[in-house]
1. Which members of the stretch 85-107 meet the condition of being more than 10 Å from the ligand (Cβ to nearest atom) and either of a type in the set (S, T, Y) or touching a strand residue (DSSP E or B) at 6+ places or on another chain (Cβ under 7 Å) (or both)?
2. Where in the stretch 2-84 are there helices (runs of 4 or more DSSP H), lying fully within it, with 1 or more residues that are more than 12 Å from the ligand (Cβ to nearest atom) and surrounded by 15 or more Cβ atoms within 10 Å (Cβ to Cβ)?
3. Check the stretch 15-28 and report whether any residue there is among the hydroxyl-bearing types (S, T, Y) and within 26 Å of F157 (Cα to Cα).
4. Just one of (1) charged (D, E, K, R); (2) touching a residue at least 12 places away in the same chain (Cβ under 8 Å); (3) farther than 17 Å from T42 by Cα; (4) away from the ligand (no atom under 13 Å from the Cβ) trips up D148, so point out which.
5. Output yes when any residue across the stretch 116-138 is over 23 Å from R35 (Cα atoms), in a helix (DSSP H, G or I) and either more than 10 Å from the ligand (Cβ to nearest atom) or modelled with pLDDT under 95 (or both), and no when none is.
6. Report, by residue number, each residue of the stretch 125-145 that is touching a residue at least 24 places away in the same chain (Cβ under 8 Å) and among the charged types (D, E, K, R).
Amino acid sequence: MARLRPITEEQRAIQREFFQLDEKTMDRVRRLKPRLMDYAKTALDGVFDHLEGNPEVAHYFEISENVTYLRAGMLAHCDTLFSCRFDDAYYDATDHMGERHSKLEYHSHVYTAAYTNMFTRIVELAMADKGKFTTEDIVALTRVTLYDMELTVGSFFSHRMEKRDALDSDAVKIRHLLTGS
Ligand code: HEM
(Lines give C-alpha, C1' and ligand atoms only; values in the text may rest on other atoms or scores of the structure.)
Protein backbone atom coordinates (compact mmCIF):
# COMPACT_ATOMS: atom_id res chain seq x y z
CA MET A 1 0.00 0.00 0.00
CA ALA A 2 1.70 3.23 -1.16
CA ARG A 3 2.11 6.01 1.41
CA LEU A 4 -0.91 8.35 1.84
CA ARG A 5 1.46 11.34 1.63
CA PRO A 6 4.39 10.33 -0.64
CA ILE A 7 7.39 12.68 -0.66
CA THR A 8 7.70 14.90 -3.75
CA GLU A 9 10.85 15.05 -5.96
CA GLU A 10 11.41 18.58 -4.64
CA GLN A 11 11.36 17.30 -1.04
CA ARG A 12 13.66 14.45 -2.05
CA ALA A 13 16.18 16.91 -3.53
CA ILE A 14 16.06 19.04 -0.34
CA GLN A 15 16.64 15.90 1.77
CA ARG A 16 19.63 14.83 -0.36
CA GLU A 17 21.07 18.34 -0.11
CA PHE A 18 20.60 18.14 3.68
CA PHE A 19 22.65 14.91 3.74
CA GLN A 20 25.15 16.64 1.37
CA LEU A 21 24.54 13.88 -1.17
CA ASP A 22 25.94 15.80 -4.15
CA GLU A 23 26.88 14.35 -7.56
CA LYS A 24 30.58 14.00 -6.51
CA THR A 25 29.58 11.91 -3.47
CA MET A 26 27.23 9.72 -5.51
CA ASP A 27 29.85 9.19 -8.24
CA ARG A 28 32.38 8.11 -5.61
CA VAL A 29 29.99 5.45 -4.19
CA ARG A 30 29.09 4.23 -7.70
CA ARG A 31 32.82 3.76 -8.46
CA LEU A 32 33.26 1.81 -5.21
CA LYS A 33 30.15 -0.35 -5.79
CA PRO A 34 31.86 -3.56 -7.05
CA ARG A 35 34.04 -3.64 -3.90
CA LEU A 36 31.11 -2.63 -1.65
CA MET A 37 29.00 -5.52 -2.97
CA ASP A 38 31.85 -7.98 -2.25
CA TYR A 39 32.19 -6.59 1.29
CA ALA A 40 28.39 -6.72 1.77
CA LYS A 41 28.34 -10.44 0.87
CA THR A 42 31.04 -11.15 3.48
CA ALA A 43 29.52 -8.78 6.05
CA LEU A 44 26.13 -10.51 5.86
CA ASP A 45 27.65 -13.83 7.02
CA GLY A 46 28.66 -12.14 10.30
CA VAL A 47 25.33 -10.28 10.56
CA PHE A 48 23.27 -13.47 10.43
CA ASP A 49 25.61 -15.32 12.81
CA HIS A 50 25.02 -12.51 15.30
CA LEU A 51 21.23 -12.42 14.66
CA GLU A 52 20.95 -16.17 15.26
CA GLY A 53 22.28 -15.52 18.79
CA ASN A 54 20.10 -12.49 19.52
CA PRO A 55 17.21 -13.26 21.96
CA GLU A 56 14.80 -10.84 20.21
CA VAL A 57 15.03 -12.41 16.73
CA ALA A 58 16.80 -15.78 17.10
CA HIS A 59 13.51 -17.69 16.61
CA TYR A 60 13.13 -16.06 13.15
CA PHE A 61 16.69 -16.79 12.00
CA GLU A 62 16.74 -20.39 13.25
CA ILE A 63 14.71 -21.15 10.11
CA SER A 64 17.34 -21.35 7.33
CA GLU A 65 14.81 -20.38 4.61
CA ASN A 66 14.33 -17.07 6.41
CA VAL A 67 18.09 -16.41 6.35
CA THR A 68 18.27 -17.27 2.62
CA TYR A 69 15.26 -15.04 1.86
CA LEU A 70 16.47 -12.09 3.90
CA ARG A 71 20.06 -12.36 2.74
CA ALA A 72 18.84 -12.05 -0.88
CA GLY A 73 16.58 -9.11 0.11
CA MET A 74 19.40 -7.27 1.91
CA LEU A 75 21.92 -7.85 -0.94
CA ALA A 76 19.37 -6.67 -3.53
CA HIS A 77 18.84 -3.56 -1.39
CA CYS A 78 22.62 -2.92 -1.26
CA ASP A 79 22.77 -3.26 -5.07
CA THR A 80 20.03 -0.62 -5.41
CA LEU A 81 21.58 1.61 -2.72
CA PHE A 82 25.18 1.60 -4.03
CA SER A 83 23.91 2.48 -7.55
CA CYS A 84 22.94 5.88 -6.10
CA ARG A 85 20.20 6.47 -8.67
CA PHE A 86 17.71 8.07 -6.18
CA ASP A 87 14.86 7.57 -8.72
CA ASP A 88 11.24 6.47 -8.12
CA ALA A 89 12.31 2.82 -8.03
CA TYR A 90 14.76 3.57 -5.19
CA TYR A 91 12.28 5.57 -3.10
CA ASP A 92 9.60 2.91 -3.69
CA ALA A 93 12.09 0.22 -2.55
CA THR A 94 12.86 2.08 0.72
CA ASP A 95 9.12 2.64 1.34
CA HIS A 96 8.36 -1.01 0.55
CA MET A 97 11.12 -2.23 2.90
CA GLY A 98 9.84 0.01 5.73
CA GLU A 99 6.26 -1.12 5.13
CA ARG A 100 7.18 -4.83 5.14
CA HIS A 101 9.12 -4.37 8.39
CA SER A 102 6.32 -2.29 9.96
CA LYS A 103 3.95 -5.28 9.64
CA LEU A 104 6.22 -7.52 11.75
CA GLU A 105 6.17 -7.57 15.56
CA TYR A 106 9.72 -6.18 15.91
CA HIS A 107 10.66 -2.70 17.15
CA SER A 108 12.66 -0.46 14.79
CA HIS A 109 15.95 -0.94 16.71
CA VAL A 110 16.05 -4.54 15.45
CA TYR A 111 16.42 -3.29 11.85
CA THR A 112 18.75 -0.38 12.60
CA ALA A 113 20.98 -2.68 14.69
CA ALA A 114 21.24 -5.26 11.89
CA TYR A 115 21.81 -2.47 9.38
CA THR A 116 24.52 -0.88 11.58
CA ASN A 117 26.27 -4.25 12.02
CA MET A 118 26.27 -4.75 8.26
CA PHE A 119 27.50 -1.21 7.55
CA THR A 120 30.32 -1.21 10.13
CA ARG A 121 31.53 -4.63 8.95
CA ILE A 122 31.68 -3.26 5.38
CA VAL A 123 33.83 -0.36 6.70
CA GLU A 124 36.15 -2.77 8.55
CA LEU A 125 36.60 -4.91 5.40
CA ALA A 126 37.20 -1.82 3.25
CA MET A 127 39.89 -0.51 5.65
CA ALA A 128 41.60 -3.92 5.92
CA ASP A 129 41.72 -4.48 2.16
CA LYS A 130 44.52 -3.62 -0.33
CA GLY A 131 44.02 -0.06 -1.60
CA LYS A 132 42.03 0.69 1.54
CA PHE A 133 39.25 3.29 1.40
CA THR A 134 40.15 6.95 1.90
CA THR A 135 38.43 9.22 4.42
CA GLU A 136 36.41 10.69 1.52
CA ASP A 137 35.27 7.17 0.56
CA ILE A 138 34.10 6.39 4.11
CA VAL A 139 32.33 9.78 4.39
CA ALA A 140 30.52 9.25 1.05
CA LEU A 141 29.48 5.70 2.04
CA THR A 142 28.27 6.93 5.45
CA ARG A 143 26.17 9.74 3.94
CA VAL A 144 24.45 7.39 1.47
CA THR A 145 23.87 4.64 4.08
CA LEU A 146 22.53 6.92 6.83
CA TYR A 147 20.16 8.58 4.34
CA ASP A 148 18.90 5.13 3.34
CA MET A 149 18.43 4.13 6.99
CA GLU A 150 16.50 7.38 7.60
CA LEU A 151 14.18 6.62 4.65
CA THR A 152 13.55 2.97 5.57
CA VAL A 153 12.99 3.63 9.29
CA GLY A 154 10.98 6.77 8.46
CA SER A 155 8.74 4.61 6.25
CA PHE A 156 8.50 2.01 9.05
CA PHE A 157 7.00 4.59 11.43
CA SER A 158 4.86 6.33 8.79
CA HIS A 159 3.17 3.04 7.86
CA ARG A 160 2.69 2.16 11.54
CA MET A 161 1.11 5.60 12.19
CA GLU A 162 -1.11 5.41 9.09
CA LYS A 163 -2.30 1.96 10.20
CA ARG A 164 -3.03 3.20 13.74
CA ASP A 165 -4.87 6.27 12.39
CA ALA A 166 -6.98 4.00 10.13
CA LEU A 167 -7.85 1.77 13.12
CA ASP A 168 -8.74 4.84 15.24
CA SER A 169 -11.07 6.21 12.56
CA ASP A 170 -12.70 2.76 12.16
CA ALA A 171 -13.27 2.67 15.93
CA VAL A 172 -14.96 6.08 15.76
CA LYS A 173 -17.20 4.92 12.89
CA ILE A 174 -18.20 1.72 14.74
CA ARG A 175 -18.91 3.65 17.97
CA HIS A 176 -21.05 6.06 15.96
CA LEU A 177 -22.95 3.17 14.34
CA LEU A 178 -23.54 1.52 17.74
CA THR A 179 -24.43 4.62 19.76
CA GLY A 180 -25.37 7.11 17.03
CA SER A 181 -23.21 9.68 18.91
C1 HEM B 1 17.00 -8.29 12.34
C2 HEM B 1 16.67 -7.49 11.40
C3 HEM B 1 15.68 -7.82 10.31
C4 HEM B 1 14.60 -8.66 10.32
C5 HEM B 1 14.08 -9.55 11.46
C6 HEM B 1 13.98 -8.56 9.00
C7 HEM B 1 12.87 -9.30 8.61
C8 HEM B 1 12.26 -9.17 7.37
C9 HEM B 1 11.08 -9.93 6.97
C10 HEM B 1 10.36 -10.98 7.81
C11 HEM B 1 10.76 -9.51 5.72
C12 HEM B 1 9.59 -10.03 4.86
C13 HEM B 1 8.36 -9.39 5.29
C14 HEM B 1 7.19 -9.89 4.44
O15 HEM B 1 7.24 -11.00 3.94
O16 HEM B 1 6.26 -9.09 4.33
C17 HEM B 1 11.72 -8.50 5.34
C18 HEM B 1 11.71 -7.86 4.12
C19 HEM B 1 12.77 -7.07 3.72
N20 HEM B 1 13.89 -6.72 4.46
FE21 HEM B 1 14.22 -7.09 6.36
N22 HEM B 1 14.68 -7.68 8.23
C23 HEM B 1 15.73 -7.21 8.98
C24 HEM B 1 16.70 -6.31 8.61
C25 HEM B 1 16.82 -5.84 7.33
C26 HEM B 1 17.89 -4.98 6.88
C27 HEM B 1 19.04 -4.48 7.76
C28 HEM B 1 17.68 -4.75 5.55
C29 HEM B 1 18.48 -3.95 4.55
C30 HEM B 1 19.67 -3.55 4.66
C31 HEM B 1 16.46 -5.44 5.18
C32 HEM B 1 15.92 -5.44 3.93
C33 HEM B 1 14.69 -5.99 3.62
C34 HEM B 1 14.07 -5.86 2.31
C35 HEM B 1 14.65 -5.12 1.12
C36 HEM B 1 12.84 -6.52 2.38
C37 HEM B 1 11.78 -6.68 1.26
C38 HEM B 1 12.15 -7.92 0.51
C39 HEM B 1 11.12 -8.23 -0.57
O40 HEM B 1 10.57 -7.32 -1.16
O41 HEM B 1 10.91 -9.41 -0.80
N42 HEM B 1 15.96 -6.10 6.29
N43 HEM B 1 12.63 -8.30 6.37
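1. The answer is Y90, Y91.
2. Details: elements: 9-18, 23-52, 58-61, 64-81.
The helices (runs of 4 or more DSSP H) meeting that bar are 9-18, 23-52.
3. So the first thing to find is which residues in the stretch 15-28 are among the hydroxyl-bearing types (S, T, Y), and the list is 25.
With within 26 Å of F157 (Cα to Cα) added as a condition, the list becomes none.
Checking the stretch 15-28: not a single residue is among the hydroxyl-bearing types (S, T, Y) and within 26 Å of F157 (Cα to Cα).
4. (4)
5. From the stretch 116-138, those over 23 Å from R35 (Cα atoms) are none; that's our starting set.
Scanning the stretch 116-138 turns up no residue that is over 23 Å from R35 (Cα atoms), in a helix (DSSP H, G or I) and either more than 10 Å from the ligand (Cβ to nearest atom) or modelled with pLDDT under 95 (or both).
6. D129, E136, D137, R143
The values are calculated or read from the model by the stated rules, or taken from the named source; none is laboratory data. Source: prediction; values computed, not measured. Note that each Cβ is placed from the backbone with ideal geometry, even for glycine, and that neighbours are counted across all protein chains shown.
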